[in-house]
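For reference, the structure is listed below as structure tokens.
The values are calculated or read from the model by the stated rules, or taken from the named source; none is laboratory data. The structure presented is a predicted model; accordingly, all values stated were derived computationally and were not measured. Every residue, glycine among them, receives a Cβ derived from its backbone with ideal geometry; neighbour counts consider all protein chains shown. Side chains included, ligands, DNA and RNA excluded: accessible areas come from the protein's heavy atoms. Shrake-Rupley method; radii C 1.70, N 1.55, O 1.52, S 1.80 Å.
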Amino acid sequence: MTAENNLQLNRRILSVVMFTFVCYLTIGLPLAVLPGFVHEHLGYNSVLAGLIISAQYFATLFSRPHAGRYADQLGPKKVVLFGLACCGTSGLFYALAFGVDGYPWLSLLLLCVGRVFLGVGESFASTGSTLWGIGRVGAMHTARVISWNGVATYGAMAAGAPLGVYLNQQWGLAGVAALIVLAVAVALLLASGKPDVSIAAGQRIAFRAVFGRIWAYGLGLAMGTVGFGVIATFITLYYADKDWSGAAFSLTLFSCAFVGIRLIFSNVINRHGGLKVTLASFLVEIVGLLLIWQAGEPWMVQTGALLAGAGFSLVFPALGVEAVKQVPPQNQGTALGTYSAFLDLALGITGPLAGLLIGQAGVPSIYLAAALLVALGVLLTLRLLQRSRS
């Protein structure tokens, strides 16, 4: 492929993946704002503040498979439009919650409803954008579309969190809500003018059959995701436990490695196959997690975070490519949505389980446990590789 063709291909992907960026911008904007609003402004405890954030994740987990199924039946454009509308609706509920903050219980309820809308919006907009992108450039570029989708996701989250804090300082939660609604309105206008892709014809197999074909790939994704979860959630606690400073820099290194590897090496999945790339990725992630577990100096944690980010980077697209191959084209949306739900599930249970382990064995132990789970992912991937060859 020439450089010009490569550039045109990336432009076609980005013209759709930008809707994923808007979706995750609406997630990143309130992420660092809502816990403080619930705890300090409304006066509720930190547990409720955490539950408000978690409401989105559970809504995403349960709606992911439905998003893929509707994309198969109605086309990904309609699914993206619905998902973006839900993201925008969450902003409206945040504005209402801010307006009735004199009634804390009502404000909290409105926030919870907004978070549920956001969770549904995330699953529909991100899954639909991925399938829309694949439909525009062809199934042979699935890995590249998923990779760019991930770059858009983490780029939007990285930009959204500090921007949300600034807006909150200037205008309160209403400022955050206003930008969410404005960004979604622009995205809806742009998306409505883009052509949809054709829906694959043919008899669709039942959801149970789809799940039976892709669950092993989803389980591998979940095992790899645990490493990401313990770094993103507990690395600051790890630094505090060691009485070190610089936790934010480790997170930056993780994110830079994640995005950099996706941008540079996404084509290796097509060349070497998703399972081989997953195997190599898991091994790099394990080395990174073990370095953090045994770290005696901050530089070891930083190196471990860099390696873990590099290792985890290609796991989702590599296993995702293999997962969607297991079903006919008319079921690929359902397969991708169900596969993605394993990531949501892993992130949802990693926090509380790691918290319990910290109470029993200390903070470093969670990185050893994560490395062991990724090692199980290696064994699973070897089994899938053996099965594919036979």
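Within the set of pairs 6+ apart or on separate chains, which have a first residue in the stretch 249-266 that is charged (D, E, K, R), a second that is in a helix (DSSP H, G or I) and open to solvent by 20 Å² or more (accessible area, probe 1.4 Å), and C-beta atoms under 6 Å apart?
ARG262/VAL151
Looking at the stretch 142-160, which of its residues are closer than 12 Å to LEU31 by Cβ, open to solvent by less than 30 Å² (accessible area, probe 1.4 Å) and aliphatic (A, V, I, L, M)?
ALA156
Looking at VAL321, VAL327 in this structure, which one is outside any helix (DSSP H, G or I) and buried (at least 20 other Cβ atoms within 10 Å of the Cβ)?
The conditions single out VAL327.
Looking at THR303 and the list (1) free of Cβ contacts under 8 Å to residues at least 60 places away in the same chain; (2) not in a helix (DSSP H, G or I), which single condition is not satisfied?
(2) is the only condition that THR303 fails.
For the stretch 71-91, indicate whether the set of residues that are in contact with a Leu (Cβ under 9 Å, 6 or more places away or on another chain), among the charged types (D, E, K, R) and either under 26 Å from TRP132 (Cα atoms) or buried (at least 23 other Cβ atoms within 10 Å of the Cβ) (or both) is non-empty.
yes
Would you call GLY28 of a type in the set (Gly, Ala, Ser) and either outside any helix (DSSP H, G or I) or open to solvent by less than 10 Å² (accessible area, probe 1.4 Å) (or both)?
Against the criterion (of a type in the set (Gly, Ala, Ser) and either outside any helix (DSSP H, G or I) or open to solvent by less than 10 Å² (accessible area, probe 1.4 Å) (or both)), GLY28 qualifies.
Condition test on PRO352, is it farther than 30 Å from TYR239 by Cβ and open to solvent by 20 Å² or more (accessible area, probe 1.4 Å)?
No, not satisfied.
State the number of residues belonging to the stretch 136-151 that are within 15 Å of GLN330 (Cα to Cα) and either aliphatic (A, V, I, L, M) or modelled with pLDDT of 90 or more (or both).
Adding up the residues that qualify gives 1.
Only residues that are at pLDDT 90 or above and surrounded by fewer than 18 Cβ atoms within 10 Å (Cβ to Cβ): list them for the stretch 196-212, please.
ALA209, PHE211, GLY212
Closer than 24 Å to LEU343 by Cβ and in a helix (DSSP H, G or I): is that true of ALA185 in this structure?
Here the answer is no, as ALA185 does not meet what is asked.
Which pairs have Cβ atoms under 9 Å, sit 6 or more apart or on different chains, and link a residue in the stretch 25-53 that is hydroxyl-bearing (Ser, Thr, Tyr) to one that is modelled with pLDDT under 85 and assigned to a helix (DSSP H, G or I)?
Every condition considered, the pairs that remain are TYR44/ILE52; SER46/PRO35; SER46/HIS39.
Inspect the stretch 144-167 for any residue being hydroxyl-bearing (Ser, Thr, Tyr), more than 19 Å from the chain's Cα centre (by Cα), farther than 28 Å from THR338 by Cα and in a helix (DSSP H, G or I) and give the result as yes or no.
The answer is yes; a qualifying residue exists.
Could you check the stretch 31-47 and list, in sequence order, the residues that are open to solvent by less than 60 Å² (accessible area, probe 1.4 Å) and in a helix (DSSP H, G or I)?
LEU31, LEU34, PRO35, GLY36, PHE37, VAL38
From the residues in the stretch 99-141 that are in a helix (DSSP H, G or I) and touching a His at 6+ places or on another chain (Cβ under 9 Å), which one is surrounded by the most Cβ atoms within 10 Å (Cβ to Cβ)?
Ranking the candidates gives PHE124 first.
Would you pick out the residues in the stretch 48-62 that are surrounded by fewer than 23 Cβ atoms within 10 Å (Cβ to Cβ) and hydroxyl-bearing (Ser, Thr, Tyr)?
SER54, TYR57
Working only within the stretch 374-390, note down all residues that are open to solvent by 20 Å² or more (accessible area, probe 1.4 Å) and not hydrophobic (A, V, I, L, M, F, W, C).
Within the stretch 374-390, ARG383, GLN386, ARG387, SER388, ARG389, SER390 qualify.
So which of TYR367, TYR339 is farther than 20 Å from LEU237 by Cβ and surrounded by 24 or more Cβ atoms within 10 Å (Cβ to Cβ)?
Exactly one residue qualifies, and that residue is TYR339.
Please work out if ALA318 is small (Gly, Ala, Ser), within 16 Å of the chain's Cα centre (by Cα) and at pLDDT 90 or above.
yes
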